[in-house]
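Notes follow the structure.
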Amino acid sequence: MVSIYELLGLPVYFFLRKHHEEVETTERSYMEGKMICSKLSGINIGPEYCIYYDLFSVDCFPVNEILYAETIKKLKKKSGTASFVSKVKLDISLNIAIKGEEAVYNIALKEFQLEYLCDELMRRGVTIIKKN
């Protein structure tokens, strides 16, 4: 964990301060887990803990405290001159809701990563809600 702190800085420092009792179990779960990364965020799904990171934070939560995971697919259209659609982009993300927390963890993904992550979460008994 010290080498990660040197690379990433403050988010990992706050993570270690918040979860200092659980560092050994989260590290063991991290090493046995499946990692899914995107450009701005990612998640490691281990047997006991999920470790989530984004640009500003690193956090972990027990797998058995996940209420549900919600897939979101949005089609974004960019209009050019004269209102013609010049670019169409599909934004795919997964929101994970945790017991006792108001905020959800949002992970931007690609289609294959989303299916893989949904399969891993379903394998651990998490309810998946699909929205298109």
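Details
- GluC sites (Glu not before Pro) restricted to the stretch 74-118 and DSSP loop, no more than 13 other C-beta within 10 Å: E101, E102
- With each label modelled as a point 7 angstrom along the Cα→C-beta vector, the F84-L40 pair spans 3.0 nm.
- Restricting the stretch 82-125 to chymotrypsin sites (Phe, Trp or Tyr not before Pro) that sit in a DSSP loop and have at most 10 other Cβ atoms within 10 Å of their own Cβ leaves F84.
- In this rough spin-label picture, where each label sits 7 Å from Cα along the Cβ direction, the K73-K130 distance is 0.8 nm.
- Residues in the stretch 34-74 reached by a label modelled at T25 [backbone nitrogen below 17 Å; 7 Å Cα→Cβ]: 45-52, 59-66
- Label-point separation in nm, D119 to E101, each point 7 Å along Cα→Cβ: 2.6
None of the figures in this text is laboratory data; all of them are computed from the coordinates on show. These numbers were taken from a predicted model, which means no experiment stands behind them. Reconstructed Cβ throughout: ideal geometry from the backbone, glycine too, with neighbour counts over all protein chains shown.
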